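In what follows, a structure is listed as structure tokens, so that the remarks can point back to it.
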Amino acid sequence: MPRTRAPVGESTTVARVDELLTVLLAGGRREGRLTHVEHLPARTGTRGAWPTWADPSIVAGYRSLGVEQPWLHQVEAAQAAWDGHHTAVATSTGSGKSLAFWLPALTAVRGDRAAETFDPGRIESARDRGTVLYLSPTKALAADQLASVTRLLRASGVRDVQVDTCDGDTPFEARRWIQERADVVLTNPDYLHFSMLPQHARWGRFLRSLRYVVVDEGHAFRGVFGAHVALVLRRLRRLAAHYGQGDGPTFVVASATTADPAQSVARLVGADAADVVAVTDDASPAGRRTFALWEPPELPAVPGGRGAAGPGDGDDGDDADVVDAVDVAGPRPRRSATAEAADLLADLTAHGARTLAFTRSRRGAESVAVTTQDHVRAVDPSLPGRVAAYRGGYLPEERRALEAAVRSGEILSLATTNALELGVDISGLDAVMIIGWPGTRVSLWQQAGRAGRAGADGLVVLVAREDPLDTYLVHNPDAIFRTPVEATVFDPTNPYVLAGHLCAAAAELPLRTSDLPLLGGDVARTLLEGLTERGTLRRRSSGWYWTHHQSAAGFTNIRGEGGTPVSVVETDTGRLLGTVDAGAADGSVHDGAVYVHQGETFVVDRYDLADSVALVTRQDVAYGTWSRWVTSIAVVEETEGTAWAAGAAPGPRALGGPRAAALPPAADGRAHVEWGLGTVDVSTQVVSFQRRRVPGQEVLGTETLDLPVRTLRTTAAWWTVSAELLEAAGVDPDAAPGALHAAEHASIGLLPLLATCDRWDLGGVSTAVHVDTGRATVFVHDAFPGGAGFAERGYNLAARWLRATREAIARCPCTDGCPGCVQSPKCGNGNNPLDKGAAVRLLDAVLLHAP
């Protein structure tokens, strides 16, 4: 039986949630799959008084919308912002963070308006009114907030505040109107970077009067993307000061609950942490939430069934296809998480539960939706129409229609990527299903918060994928429920990020020495020297100047995707179906690839790299496509290194091997185990693809591809072992590649326990003899240009990292290795070769040397 932990004194009965959990257990037929149930208690709300400074009309608008009094945390955050303090609002999903920033922001605009005679027909009278800039990571969230603010102003009877969204989709004439008249502009960091800041003269009125900058969903700005956004905001502060804003606008950052939000906000906006007020005590009510941890069953053994191959979806991380049985003679993998989730979602749908199912990939969202539709069709022919997929790459009008259908209840169940993790207002949900660990605890709680919003009770189910981390977590619930959430990690001084923003800043205004503390400090000084030597910038007594005619911002993609998104276009009609990120396009829309859109299958006729277009034709096919790629790595520079001395501290006994102290000296005189950290070039090329029958996964054929090599310069941590240590561990030359490969996969899977990332932020390479180290080597690298700090975190916690890796492999009950320990869902080599036993022996021998 699963362990159940309920809070002392909890007496609330939740018939609806308990009923849904019973539905999932299917009368006991799925009982062994539930590993743990956690009951998170309900919370009563605490009200506060409306601030005396709040605009009476805005307060009246909130009251007419049902907010008689604000929650206490809303009052505290609004007061801090009104007092001019940068403010971090880090409370749970659905806690009403938007009131905390709109109340002071709209009051400031209205206060400035009351001091003047305003004629909306005259541009001149619009000058120097207080303005507000709202930033969100997605256009969808900005559109959602526009609807909310418009509704509030209408309820308030306020007609003298001009609010609009402005982004890359906004027509030119509308942009001119917004630049000249808007009081509140809602946009995203991309538009700020590519358009507003480079064209700041057109926005002079707006920037001169900027009172507040609201940054919504601040926890989304992490890693390389977070570093880019931090520098965009610093450039914004610099321009606001240029237009006479003095100390600049007040920043209000709304975020999911994170560790040390004041420090994260300070780093994001370029301020001192002491100047940031953090509001973290959530005073809003919450219903009881029941959180179930779920592990899919082992597949039944049937003679002639499919043997255990790699995960079903090596391209994008979801084991998206259904496999019903395996060969009795082979190892017994577990059922895929997406196949299991589709069954559970079908049962919830048939029971009338409103549910979001979060998947790890676009392909997974499509697969779960289509399979669920197939399951519910036999129950009620009308039910398939109430199940849909939602993901990035859909056209904006498709996404808006789906959001509206979920709100109205027309759609009961939506399989979605993390595109709906952010704050689009979808409430009244009965359940949330999270298919695979979402990467961080911050994301987990953000997704879980969609269940039972507005104080209602809700059910959350985490369905484990066959992955070392997922397997560990569903059997160790304390690592979820009694472990603090992570801090938001990003590095604005990453030179690969900073260089482009220095150029962009110099193009906006001459870059002066006094600007450097805000824009990278000593790192910026070094970069400016190099940029000047190359002729990218020109140094004059008045500062550094951009030397080219092209926009400097256009050379920097703040999403870190490194290329233009590929448009997917139907060949016969010219209809745009969607887009695919440049980094994923080679592996997903190559010639002959199967592309799925809202349950319909298309086959790629031609992938045009030059024009970033994939032309597709609608076809019903009974197969999917899986790409294969090769990866190599070259050390550019080792910035740190350390050696592990034999016998430095007690460690695990090598399985069948001698104590490390008994090892003969390495032939090259070096330590048997060495660690390095530094800059590497990772070269990847998609070389072929397989067609596999769905759902059986039989291989129908393999075709080669002629695609370019893509090179990523990033940061990696690596460890090397001597030939003597391999021999002592009982790992002969034939077994070494499989041992190293297995250790690499497992270590990538376990690093997210130590760093604020998930395995999709990482990559790895292993080799029996690497040309740069001269030894057997395992590399783990950040999957972002310049690095994001994750590999460095692993290097600094090397011994702890490898011990966790060793335990995850050794404790897995499989015989030869499975997705729960050493197989990887993103392996370009089809998880071959892998040697689980040799990996354990190797890690035991390595750890005998660990400090």
(request) Could you tell me what % of all Cα pairs in segment 56-279 have separations over 33 Å? (result) 10 percent
(message) I'd like the projected area of segment 495-555, averaged over all directions, using the convex hull of its alpha carbons. Report it in nm² with one decimal.
(response) 3.7 nm²
(message) Going 7 Å from the Cα of Arg800 along its beta-carbon direction, which residues of segment 233-274 have the amide nitrogen within less than 15 Å of the resulting point?
(response) none
(request) Within segment 604-631, find all residues whose amide N lies under 13 Å from a label point positioned 7 Å from the Cα of Asp572 along Cα-to-beta-carbon. (result) 616-620
(request) Describe numerically, in nm with one decimal, the distance between label points set 7 Å from Cα along Cα→Cβ at Arg377 and at Asp816. (result) 3.6 nm
(request) Of the options Ala504, Val840, Ala100, report the single residue whose Cα projects farthest towards the positive end of the charge dipole of the chain (beta-carbon charges: Lys, Arg +1; Asp, Glu -1). (result) Ala100
(request) Could you point to the label whose value was computed as mean projected area of the Cα convex hull in nm² for the structure here, given (1) 46.2; (2) 37.4; (3) 35.7? (result) (2)
(request) Write out the cysteines belonging to the chain for which the nearest other cysteine Cβ is not under 4.7 Å, or none if no such cysteine exists. (result) Cys166, Cys503, Cys757, Cys827
(message) Charges on Cβ only, +1 for Lys and Arg, -1 for Asp and Glu, centred on the Cα centroid of the chain; of Phe206, Gly730, Gly409, which one is farthest towards the dipole's positive end?
(response) Phe206
(request) Apply the Debye scattering formula to segment 525-651, with a single equal point scatterer on each alpha-carbon and no solvent, then give log10 I(q)/I(0) at q = 0.12, 0.13 Å⁻¹. (result) -0.73, -0.77
(message) Based on alpha-carbon atoms only, what is the radius of gyration of segment 566-621 relative to the globular estimate 2.2 N^0.38 Å?
(response) 0.97
(message) Place a point 7 Å from Cα of Ser632 in the direction of its Cβ. Which residues in segment 665-700 have their backbone N less than 13 Å from it?
(response) 681-685
(request) Apply 1/(1 + (r/R0)^6) to the Cβ-Cβ distance of Glu640 and Ala241, taking R0 = 56 Å, and write down the FRET efficiency to the nearest 0.05. (result) 0.90
(request) For Glu31 and Thr711, calculate 0.36 nm times their separation in residues minus their Cα-Cα distance, and state this gained length in nm to one decimal. (result) 240.0 nm
(request) Would you calculate the separation in nanometres between label points at Arg512 and Ala401, each defined as 7 Å from the Cα along the Cα-to-beta-carbon direction? (result) 5.4 nm
(request) Using the Cα centre as the reference, give the magnitude of the dipole from point charges on the C-beta atoms of the chain (Lys, Arg: +1; Asp, Glu: -1; all else neutral), rounded to the nearest 20 debye. (result) 1560 debye
(request) Tell me what the chain gives for mean residue ellipticity at 222 nm when only DSSP H runs of n ≥ 4 count, each as -39,500 (n - 2.57), the sum divided by the residue total, rounded to 500 deg cm²/dmol. (result) -9500 deg cm²/dmol
(request) Just report the Cα centroid separation between segment 34-77 and segment 672-691, whole Å. (result) 50 Å
(request) Counting other beta carbons within 10 Å of each Cβ, put His549, His741, His375, His85 in order, fewest first. (result) His549, His85, His375, His741
(request) Round to the nearest 0.05 the FRET efficiency obtained for Ser683 and Arg159 when R0 = 60 Å and r is the Cβ-Cβ distance. (result) 0.50
(message) Cut-off is 10 Å between beta-carbons; in what order do Glu674, Glu533, Glu570 appear when sorted fewest neighbours first?
(response) Glu533, Glu570, Glu674
(request) Restrict the search to segment 449-543; then list the trypsin sites (Lys or Arg not before Pro) that DSSP places in a loop and that have at most 10 other Cβ atoms within 10 Å of their Cβ. (result) Arg482, Arg534
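Computed from the coordinates by the stated procedures, all read-outs in this text should not be read as laboratory data. The structure displayed is predicted, hence computed values, not measured ones. When we count neighbours, we look across all protein chains shown, and the Cβ atoms used for this are built from the backbone with ideal geometry, even at glycine.
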